[in-house]
Every structure is written in C-alpha cells, then in structure tokens.
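For reference, the structure is listed below as structure tokens.
Just so you know, all these numbers are worked out from the coordinates, no wet-lab data involved. Not measured: the values here are computed from a predicted model. Every residue, glycine among them, receives a Cβ derived from its backbone with ideal geometry; neighbour counts consider all protein chains shown.
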Amino acid sequence: MQFDRYLFAQMIRTSIAVSVTLVGIMWLFQTIRILEVVINRGAPISEFLLMSVTVIPLWLTIAVPIGGFIGVTWVLHRAVADRELLVMQASGMSALQLARAPIALGVLLSTALMLNSTILLPLSFGVYKQVQFKVRNSIPAIMLQEDVFIDVVDGMTMLIGEKYEDGLARDIFIHDERTEGKVITLTARAGQFIERDGLPAVLLQDGERMELGSNEKAGAKLLFDTHMVMIAPQDRKEATRMPIDMNEDTITNLLDPAKSPSPAYINQRRAEGHYRLVSPILALVLVLTASCGVLYGQVRRHTWTRRTIMTFCAGMLCIAAVISSRSLVTMIPATVPLLYASLVVPAILMMAMLAMPSLTTTPSNPDDRLGALS
C-alpha cells in the first residue's frame, strides 16, 4: 500500500539519521581521547583513525535499536499531528495494518544487526585489537618528539633531531642505564624504529657506542655501521597478543567451553555468545514498543504526551530487562532461557496488542469516526 511505503520511507530515513548521530557522538568521544597523542606526539593518524572506525560495529548494536525506536516514535507522532493516522484509522484500518511499516522496519534492522553480530563485529574488532596492540608496543617511537629528551622506558632516555615517516629518524642520542653497573651512551647519524620479537627496537646506523662501568673509569668505545637497541625494560618478555577479547571472537567459539582461554571466562563467554544471538531482536522489540505506544486503541492527539512517556518507560524497561538477563546468565548459566524470553516475550505480547480487537478501537458508527478526527 502506498501509505505503508510512505511511512516506511520516513521511518528508515529518520532511524538512519538518529543512528548516525549517536554513532557520531560516540566516535567523537573516542577520538578526543587520542587527539593529544595524534597532534602533540606525532602518532600515525591513519592507525588511530583505523582504530576509531573498526570499533563502530560494536556501537551499532546499541545505536541502531535506539535509532529505530526514536525514528518510529517521531514519524508516527508526526502522522498523528498531521491527522494522517486518524484518517486511516477512521477509514477502517486496524492497528496491525497501520503497524505494517514499523514491523517491516524492525525486521530489517534486526536482520542487519544479526549480520553485524555474527560477521562484521568479530572481523572489525579483530582489526581494532591488532592495531591497538601494534600502537601500544610501538609507543616509545610515538612519544618521541624532535629535540626533546624523553624517558622512553625506565633507565633509558632518548633524543632525536628529526623524525620522518615509516619510523625513520636522524641524529639519535640514547642514554641507557637499564643494566646495573653499566652506563651506555649511543649516538647515531640515523636510525629506524622497528619491531623485533614482539618488542619495539631502534636500528641505528653510522654511530658510536660508549660504555662506562660503575666506577665511571673503566670503559669501552665502539664505532659501528649498524647496531640494534631494544626499547623495553630489561625484565620484559616478548609481547604477544592473546585473542581473549570476546568482541573479536565468533559466536561458535564463545559457546564452546573448549575454546575459552581460561575456565574463569567460560560463563562470561557463554553469556556473550547468547547475547550476540538474541540482541538483534531488541531492534524489533523497541520498534513494536513505539508502535504500540501510538497505535494501540483509539488514536487521539490529546493523549500524545501521556503515550510518549509510557512508551519511553516501556522501551527503557525492555533494554534494562535484556541487560539484567545477560548479567544473570554470567552468574547463573542455567538462566539462559530467561535471556531469550526477555526479548521474545515482549515481542509476542506487543504483536498481540496490535492484533487483538480492543474496546477502544475505531468505532463502527461513521459519525463517531468523524468525531475521532476532531
């Protein structure tokens, strides 16, 4: 029906706009935290932008259901204010018929979120964690500023004259006191920051190495063409990244106790796996909540404020129910059915409210129908 297509087009545009706004706010807060590093410390902006973009699928699991809820509520209330829904109801359309466009939108959003939870989120968050690991292990090179002495790790101070792309630097000075009883001073014409055995290092070229003993008398001097220095505390072992973050793991692995990195994480991973399966339904539930808030019973403009407050409270209750159920599953694994029921039961209940006849539905007398428009 043309009216359904009209409502659907309005709802999907509004829902997308709200979802993009919510994601934009989250993205802004994320980038503010790294803005100082990017501007003042010369960090690779491409890697930080990649980190901020690859975490977006995680935010979509929250932004899309809320965007659908606000979009449907806004469009339906605007249709009430313009008397469009009043005319359609007076013409004999039931609440379920008027809700066809919101239901179609809810199914579409839930399907998109299911694809996001099962495919996109693990892939993108895996990239995010990989870049995060790389940045954290290359932080000494990021922190270095031109013509400024920096304590890159305990016992090591470094100064560089100029820094270029790809980790290249010129006029490097290193003062190393990490080894007890030794003071090592290195100068080099050029160098490159690299990763070796999972740890940051600097490959020096065309330089001089001077070593002094604890008495500052006995020493040794060495000229070198190439020399590598590890930039890490002496007791630090090789850095390896363990894929234990649940957001980057697949649902199949989350539900398999044998794939847990530790027995202590089994219940938490199982709860996350079931949550990833059922959470996409939240979009449909919130859309149905918004639809019931406007379409259930007789559509009247003077009840707009009361219905809006009740709809908002019902939506918050649905969100709180699924979050609480997820926490309960983490503590008591036997309550997994409760997690599914927290969304499936409200969806069935609200579909029944839209479908069942009501004492307050459209009056059968044509004169009464005209009175409902006033």
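Here are the numbers for this structure:
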read-out	value
Reciprocal mean inverse distance between Cα atoms of region 155-230 - Kirkwood radius, Å	12.8
Estimated dipole of region 155-230 in Debye, rounded to 20 [Cβ of Lys and Arg +1, of Asp and Glu -1, Cα centre]	220
Ranked list, fewest to most other Cβ atoms within 10 Å of each Cβ, for 303, 179	179, 303
Ranked 32, 251, 25, criterion: other C-beta atoms within 10 Å, fewest first	32, 25, 251
Cβ-based exposure ranking for 210, 11, 156, in which fewest neighbours within 10 Å come first	210, 156, 11
Per-peptide average of other Cβ atoms within 10 Å, ordering 267-280, 97-110 highest first	97-110, 267-280
